[in-house]
1. Taking segment 1-26 only, how many residues are outside any loop (DSSP other than H, G, I, E, B), touching a residue at least 60 places away in the same chain (Cβ under 8 Å) and more than 11 Å from residue 50 (Cα to Cα)?
2. Within segment 69-89, is there a residue that is crowded, with 24+ Cβ neighbours inside 10 Å, assigned to a loop (DSSP other than H, G, I, E, B), without any contact (Cβ under 8 Å) to a residue 60 or more places away in the chain and of a type outside the set (A, V, I, L, M)?
3. Output the residues belonging to segment 40-68 that are loosely packed, with under 15 Cβ neighbours inside 10 Å, in a helix (DSSP H, G or I) and touching a residue at least 40 places away in the same chain (Cβ under 8 Å).
4. Out of 212, 193, 182, which single residue is touching a strand residue (DSSP E or B) at 6+ places or on another chain (Cβ under 7 Å) and closer than 17 Å to residue 87 by Cβ?
5. Within segment 147-173, can you find the residues that are outside any loop (DSSP other than H, G, I, E, B) and under 28 Å from residue 62 (Cα atoms)?
6. Confirm whether residue 14 is at pLDDT 95 or above, among the basic types (Lys, Arg) and under 17 Å from the mean Cα position of the chain (by Cα).
7. Look at segment 112-126 and say how many of its residues are in contact with a helix residue (DSSP H, G or I) (Cβ under 7 Å, 6 or more places away or on another chain), of a type in the set (D, E, K, R) and either assigned to a loop (DSSP other than H, G, I, E, B) or surrounded by fewer than 24 Cβ atoms within 10 Å (Cβ to Cβ) (or both).
8. Let me confirm something: among 215, 219, which residue is at pLDDT below 95, of a type in the set (Gly, Ala, Ser) and over 30 Å from residue 13 (Cβ atoms)?
Amino acid sequence: MFHLEDRDGIRLLRMQHGKANAFDLEFALALTDAMEGAERDPVDAVVLTGTGNIFSAGVDLHRVVEEGAPYLETFLPPLDRSFESCLRLTKPLVAAINGHAIAGGGVLACLCDYRVLGAGSAKIGVPELLVGVPFPPVALEVIRAAVPLDHFRRIVLGGQLVSGEAAVASGFADEIVEGDRLEESAAEWARRLASIPTATFAQHKRDWRAPLFAGVTDGAFAEVQRVWKSPETLQAIANYVEKTFK
């Protein structure tokens, strides 16, 4: 699911899960394990990337349609925890966005402290509302923090997918580099951030990320979970899958 390679204190964490690195129960659990492992292990920073031309395509909607509400009951809490595990990693986390980053994939990119996008036609966006599902609480706060207000309505309400310089303007990426330099550039940023004294960076990251958790109200996750499992939402997901993947 994840291929780990440590290079001079920088851990390259490559997602290798199916064709699209889609979030399912097993992937969410593995992502949390990977972040907790990076926290424990003697590495200075992490570079997160995908395989081929896909960073991550978000939640595995086919599995949601097939397994329904009982699966969501099991899957959604680990999904939320996997997002939190990225935010709570005290070490630098840099995204090397190698390809399409859709829905949960776009959220995953925004969970990283710095985001490098490979030049090309990769699409990035968070079309959750077009699918018919609400954002998990932590995911919404991450997108709220990343996407500038003048882009927020088009990106979130409109579900707009962007690429290239539009992805930078929309907050999904910090810079664009040629694809053959993507991992190298991301590693350079990881080393740069890792050169900051460890305790200083960790404290900065805790302070920087604290407002995201403060924005998650009591009971917010339970309400989002209830909506995801409702017959109306499950039908909307099924309709989206049929329309999009037929």
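The values are calculated or read from the model by the stated rules, or taken from the named source; none is laboratory data. Remember, predicted model here, so these are calculated numbers, not experimental data. Positions of Cβ are backbone-derived with ideal geometry, glycine not excepted, and every protein chain shown enters the neighbour counts.
1. So the answer is 3.
2. No, segment 69-89 has no match at all.
3. Across segment 40-68, the qualifying residue is only 62.
4. None of the other options fit; the residue is 193.
5. 152, 153, 154, 155, 156, 157, 162, 167
6. Answer is yes for this residue.
7. 1
8. Of the residues listed, the single one that is at pLDDT below 95, of a type in the set (Gly, Ala, Ser) and over 30 Å from residue 13 (Cβ atoms) is 219.
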